[in-house]
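The values are calculated or read from the model by the stated rules, or taken from the named source; none is laboratory data. Keep in mind it's a predicted model, so treat the numbers as computed, not measured. Cβ coordinates were reconstructed from backbone atoms using ideal geometry, including for glycine residues, and neighbour counts include every protein chain displayed.
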Amino acid sequence: MTTGLTPTEHITLNMGPQHPSTHGVLRLELELEGEVIVACRPIIGYLHRGIEKMAEARTYPQVLPYTDRLDYLSSSSNNMAYVQAVEKLLGLEVPERAKYLRVISLELNRIASHLVFLATFANDLGATTVFLYGMRERELIMDLFSMWAGARLTQSWIRIGGVGADIPDGFVDQALAFCRLMPKRLDEYDRILTGNRIFRARTEGVGILPPELGVNYGASGPTLRGSGVEFDVRRAEPYEVYGDLDFEVVTRPTCDCMGRYLVRMQEMRQSVRILEQCLKRLPEGEVRAKVPRVIRPPEGEAYGRVESPRGEFACYVVSDGSPRPARVRFRAPSFYHLSVLPRMLQGWKVGDAVAILGSIDIVLGEVDR
Amino acid sequence: MIEELRSRFGEALLSAEQVGRELRVSVAAAALPEVAAFAKEHGFHYPADITAWDAGDELRVVYRLVDLASGEHLVITVPAPRSGARLPSLVPIFGGADWPEREIYDLFGVRFDGHPDLRRILLTDDWEGHPLLK
Amino acid sequence: MTRTNLFVDVVLSALSIVKGLMVTLTNALRPRVTRNHPFQKTPIPEVWRGRLVHLRGEDGRLRCTACLACQKACPSHAIPTIQGDDKKGKEKRAQVYVWDASRCLFCGLCVEACPFDAIRLTREYSIVGEDRADLIFDLNRLLGPAEGETA
């Protein structure tokens, strides 16, 4: 902490709740010595809507649209975690086609979410052009979702027992065209951003998250894989058809912002691979199992676990045998990532805080619930 | 694992059953830190989820620890009274317990002894009551 | 940093910028993907979940029988009041039906619950009003086209 000069007084600086780089309403109380961060206290709850409490007063199908509003950048992962937990409670088997469609939806959402990460991360670090490119490609995915689900962000399209509806004509072709386009666009991002000297200087070696610390704090997803830990729920506990698909779990050993960024960039390529396999193998058949009008799961508890674009998104549902859940708990990866953030920020400058915060890719909707 | 837990914690282990990949145990509050430390020694390094629910007559605080190498889950349920509950904090063992414990305090009113910074987290500091209690 | 290293670094940095500019240039030559909203309308797919409408049968009467299935299915009480006409005709029909767009999640659970296919979410996405009351729709404002007419 000593600079060799006269000791300076610590000052407290509020970053947020209205700050373009806090990606929502997050307040970071930074304690600074000069420009160096000595301590950080994240203050959350600005977006708390009490979704877990609301769920207690809703029937099982009614809870579903609320899950979209947690991690709003990838609503299908939220739907999936909740639906998985409820289906475990019910012991419900889902038609094969629905499983494939779910994976298609999940992976499209993963790419969309990572594109938002790419866009905002680049924007935070001064590369505004990439922001526009990221949003442009994301729009192609939004088009696919609107023609299938009739909504862009809050799709609620993974339903208990299957998916909301079958894909419309032309969907497969349009999705395959997207799969052909995307790798080329990813190459472009790499050319404009990944190799850029300024971008590298701001991300390489910045914001170290040691793997042991990450695991100890419950970090997951690209944040943890950027620290070299090969943990992916899709591989560890394959749900739907992930067990039959061929994809790699991308890791980087560098533990820095660049590592986390590269993991996400590579993951988009893997998602394209998964999408292509699913679209080509898509079986015929029903897309929704028979579900009773009033869903009354037997007493018990279930834990639905999904690899969302941010990490392990899970839903813990306790049933007391009534049509309304006794408890619905959402385990949000960003919540854990934000709790380890103070450890990652220590010793870095204020300017790096933007890069480090951007690199863990939080969504406040799921943090505050 | 069940046998080992039983021989080591005896009375404190209220129940134990294996459900698929989940080992569900229920332990008395006093034994929680030792059980957690024991689990961590046995590979359960990852605190997947820490939460609670109101079962009507009592609260259940649920700790889900995961062994990333084997994929096994250890679900530790700790019963607690509905008001004035005090549990030992797991923050010294799992850093990831920090915020979830604050959340449980905020929403259920369970106090965690030994927590470094037990404040409300989602609700404002002047909020009265604990909304997830039924 | 030695002088040669510094030189190499400067050259590589400059090259990385040139490479990036090439990407910008190729993109500048691509056709435009944005639309001049609101002058140019974005095509909205048929399945879009927008404003709620009531459908009418061939006789021009409402299909809705005020059975309350949609009200029970709604997660956010966006359909607070439904009243029927006490079966003066052959079947009960809706007399009062309120849809509160400000509460609606546009999840489509009401449409799914409807046993008579009487309501639908339409392609109309721009639901605006000058105050909150404008967002509360009564039956008059919820009427959709009768059978055979196009939306």
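Structure notes:
- Every residue from region A:167-201 that is free of Cβ contacts under 8 Å to residues at least 12 places away in the same chain and at the interface with another protein chain (Cβ under 10 Å from one of its Cβ atoms): A:Asp187, A:Arg191, A:Gly195, A:Arg197, A:Ala201
- Subset of region A:78-100 [among the small types (Gly, Ala, Ser) and farther than 22 Å from A:Arg281 by Cα]: A:Ala81, A:Ala85, A:Gly91
- Among the residues making up region A:22-51, those that are without any contact (Cβ under 8 Å) to a residue 60 or more places away in the chain and either in a loop (DSSP other than H, G, I, E, B) or more than 20 Å from A:Asp361 (Cα to Cα) (or both) are A:Glu31, A:Glu33, A:Gly34.
- Given (1) small (Gly, Ala, Ser); (2) over 26 Å from A:Trp157 (Cβ atoms); (3) in contact with a Lys or Arg (Cβ under 7 Å, 6 or more places away or on another chain), number of the condition C:Ala78 does not satisfy: (2)
- Within region A:259-313, the only residue that satisfies the criterion of being within 20 Å of A:Gly228 (Cβ to Cβ), of a type in the set (Gly, Ala, Ser) and not in a helix (DSSP H, G or I) is A:Gly311.
- Among the residues of region A:279-293, none qualifies, meaning not one is among the small types (Gly, Ala, Ser) and either over 18 Å from A:Glu87 (Cβ atoms) or crowded, with 24+ Cβ neighbours inside 10 Å (or both).
- If you check C:Arg51, C:Arg63 for being more than 30 Å from A:Ser75 (Cα to Cα), touching an Asp or Glu at 6+ places or on another chain (Cβ under 7 Å), touching a residue at least 12 places away in the same chain (Cβ under 8 Å) and of a type outside the set (A, V, I, L, M), only one passes: C:Arg63.
- Within region A:145-159, residues that are at the interface with chain C (Cβ under 7 Å from one of its Cβ atoms) have Cβ atoms under 6 Å from residues that are surrounded by fewer than 21 Cβ atoms within 10 Å (Cβ to Cβ) and in a loop (DSSP other than H, G, I, E, B) in these pairs: A:Ser146/A:Arg152; A:Ser146/C:Pro45; A:Met147/A:Pro168; A:Met147/C:Pro45; A:Gly150/C:Val47; A:Gly150/C:Trp48, counting only partners at least 6 apart in sequence or on another chain.
- Residue list for region C:12-48, restricted to those being within 30 Å of A:Gly150 (Cβ to Cβ) and either among the charged types (D, E, K, R) or touching a residue at least 12 places away in the same chain (Cβ under 8 Å) (or both): C:Arg30, C:Arg32, C:Arg35, C:Lys41, C:Ile44, C:Pro45, C:Glu46, C:Trp48
- A:Val63 meets the stated requirement of being within 13 Å of another protein chain (Cβ to nearest Cβ), in a helix (DSSP H, G or I) and under 24 Å from A:Arg152 (Cα atoms).
- The strands (runs of 3 or more DSSP E) falling completely within region C:1-117 that include 3 or more residues that are away from chain A (no Cβ under 13 Å) and of a type outside the set (Val, Ile, Thr) map to C:52-56, C:94-97.
- Taken over region A:10-52, the criterion of being within 30 Å of A:Val83 (Cβ to Cβ) and surrounded by 15 or more Cβ atoms within 10 Å (Cβ to Cβ) is satisfied by A:His23, A:Gly24, A:Val25, A:Leu26, A:Ile44, A:Gly45, A:Tyr46, A:Leu47, A:His48, A:Gly50, A:Ile51, A:Glu52.
- Test result for A:Glu204, touching a helix residue (DSSP H, G or I) at 6+ places or on another chain (Cβ under 7 Å) and at the interface with chain C (Cβ under 10 Å from one of its Cβ atoms): no
- Which listed residue, of A:Ile360, A:Ile356, is surrounded by fewer than 24 Cβ atoms within 10 Å (Cβ to Cβ) and either modelled with pLDDT of 90 or more or among the β-branched types (Val, Ile, Thr) (or both): A:Ile356
- In region B:18-37, the residues that are touching a helix residue (DSSP H, G or I) at 6+ places or on another chain (Cβ under 8 Å), not aliphatic (A, V, I, L, M) and not in a helix (DSSP H, G or I): B:Gln18
- Only residues that are within 27 Å of B:Pro92 (Cβ to Cβ), away from chain B (no Cβ under 12 Å) and more than 15 Å from the chain's Cα centre (by Cα) were counted in region A:210-261, giving 3.
- Of the residues in region A:282-289, none is closer than 30 Å to A:Ala326 by Cα and among the acidic types (Asp, Glu).
- Scanning region B:34-71 for residues that are closer than 15 Å to A:Val215 by Cβ and surrounded by fewer than 22 Cβ atoms within 10 Å (Cβ to Cβ) yields B:Lys40, B:Glu41, B:His42, B:Gly43, B:His45, B:Asp67, B:Leu68, B:Ala69, B:Ser70, B:Gly71.
- For region A:66-103, residues that are closer than 21 Å to B:Ala52 by Cα and assigned to a helix (DSSP H, G or I) total 11.
- Of all residues assigned to region B:3-22, at least one qualifies as being within 13 Å of chain A (Cβ to nearest Cβ), under 23 Å from A:Tyr303 (Cα atoms), loosely packed, with under 14 Cβ neighbours inside 10 Å and among the β-branched types (Val, Ile, Thr).
- Residues of region B:34-53 satisfying the condition of being under 15 Å from B:Glu72 (Cβ atoms) and hydroxyl-bearing (Ser, Thr, Tyr): B:Tyr46
- Taking the conditions (1) within 14 Å of another protein chain (Cβ to nearest Cβ); (2) surrounded by fewer than 22 Cβ atoms within 10 Å (Cβ to Cβ); (3) in contact with a Pro (Cβ under 6 Å, 6 or more places away or on another chain) in turn, A:Arg69 satisfies each one other than (3).
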